[in-house]
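These notes concern the structure reproduced below.
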Amino acid sequence: MINDLPSEPASPSSQWFIAAMQRATPRVFIAPGIVLVNVLVYIAMGVSGVNWLTPSTSDMLSWGANNWHWTTYGQWWRLVSSAFLHYGPLHLAFNMYALYHAGMFAERLYGNFMFAIVYLFSAITGGLLSIAFSHNTVSAGASGAVFGVYGALLAYLMVQRGSVPRDLLKPLWSSASMFILYNIVFGLGHRGIDNAAHIGGLAGGAFLGALAALPLEARRRSAQRLWRVPVSLVAGAAVIAAGVRAMPRCVHDPALEHRFAVFRNNFAKQEGRLVDRFNNLLRQRQNKKITDDDFAADIEKVILPGWEGLFRQVSALTLPNTSPSSGLLSLLRDYIGLRRDSYAALLPALRKGDQAQSARYDQLHARAEALIPKITEAIRNADAD
């Protein structure tokens, strides 16, 4: 792991290098400040009710996680906000440990202002590549920006290698390279790791770091700052603008899609409970363990209100006709309505022996059953999009 300042420089050139870094950037506060902000955001999320260990994707989205649908619909700020959110304490601890050590060193090389710019730029390029590769991933974490810090360190060691003593150059290069290589290989072998964000952040940090790398010798540093800083800012802004412009846009309101996705999840659970309860009651009736009045009472008390509640929920949802889920929503609305009406018809059939209502129940039940294959196909099509 890279440290802020080696404790015992081995050569006069290394001693000069350390002293020059301290003169170039006397106070390091951006990197530890970013660490503090990340920790405070994590605490705020937990205090607000978000699960400390395994926050839900819904909560992460509410706090500003990155997702193609939400980000490209106009919420581009998520490219930055997502870099300050984490999926649990281990995720936070690993990123902050890596950022603190490498960031302190990189901040002395680049200066406070340009280090902050490189960090934010890397977070954005990591976020852009993440949503370019996956439209459904809900990504969060500082790892893209942290990779950018390491990319900037490697860029500095290449561009300004004459400023870095040989006895420091090799261990610094090895440490940064091993961190990058290990984490990319580890990420490729494990699901749930946003490798696109890592690579996008690494590339962004290396690109901007190469442009912004200033020599440590005071006179040359001052002279090159006059052109390297503005060139870096313009180039960085151009890359971000190009990335945003090239990114395909989501044309459906993600808030509507998200509400429908939450309903689908709730519906799947509640439908299963209602169907299981009805089938259990039906078996008890067939085995003469309960009477028709008992059967009707449970339908009136539990099953029918359950379907009525689902129908109110699905009726409150809207999606544009262009949404890939609009057909599924329409089918679910029809299906739930048929289930509700069929159980309403079953009540007088059980209590009064009403044959007309019994026939109506059979008809409505058959129509609901006929919709199931269509709903299954619609789910497959909606999820494919």
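Summary of computed values
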quantity	calculated
Debye, to nearest 20: dipole size of the chain, +1 on Lys, Arg Cβ, -1 on Asp, Glu Cβ	660
Relative exposure of Leu40, Leu129, Leu281, judged by other C-beta atoms within 10 Å (fewest first)	Leu40, Leu281, Leu129
Segment Ile184-Ile372, extension gain: residue separation times 0.36 nm, minus the distance between their alpha carbons	63.3 nm
Segment Asp294-Lys269, length gained on full extension (0.36 nm per residue, minus Cα span)	6.5 nm
Ordering of 95-101, 153-159 by burial proxy (mean other Cβ atoms within 10 Å per residue, highest first)	153-159, 95-101
Signed unit charges on C-beta, dipole axis of the chain, positive-most listed residue Tyr335, Ala366, Met158	Met158
Along each principal axis, Cα extent of the chain, largest first, Å	101, 40, 33
Karplus 3J(HN,Hα) series, Hz, for the range 331-346 with 6.51 cos²θ - 1.76 cosθ + 1.60 (x for Gly, Pro)	5, 5, 4, 5, 4, 5, x, 5, 5, 4, 5, 5, 6, 5, 6, 5
Coordinate range along principal axes, alpha carbons of the range 232-277, Å, largest first	65, 19, 12
Helix axis angle, 195-212 relative to the chain longest principal axis, alpha carbon, degrees	30
On Cα atoms only, tilt of 143-159 relative to the major axis of the chain in degrees	20
The range 254-384, relative contact order [Cα under 8 Å, separation at least 6], %	25
Length released on extending from Gln284 to Ser11, taking residue separation times 0.36 nm less the Cα-Cα span	89.5 nm
The range 12-246, relative contact order in percent, only Cα pairs under 8 angstrom and at least six apart counted	24
Nearby lysines by direct alpha-carbon distance to Lys374 (threshold 21 angstrom, same-chain neighbours under 8 apart not counted)	Lys269
Alpha carbon convex hull of the range 254-384, projected area averaged over orientations, nm²	8.1
Cα-Cα P(r), the range 333-385, percent of pairs per 5 Å interval	4, 22, 22, 17, 13, 9, 7, 4, 2, 1
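No value in this document is a laboratory result; all are computed from the given coordinates. This is a predicted model, so every value here is computed, not measured. Backbone-built Cβ (ideal geometry, glycine too); neighbour counts: all protein chains shown.
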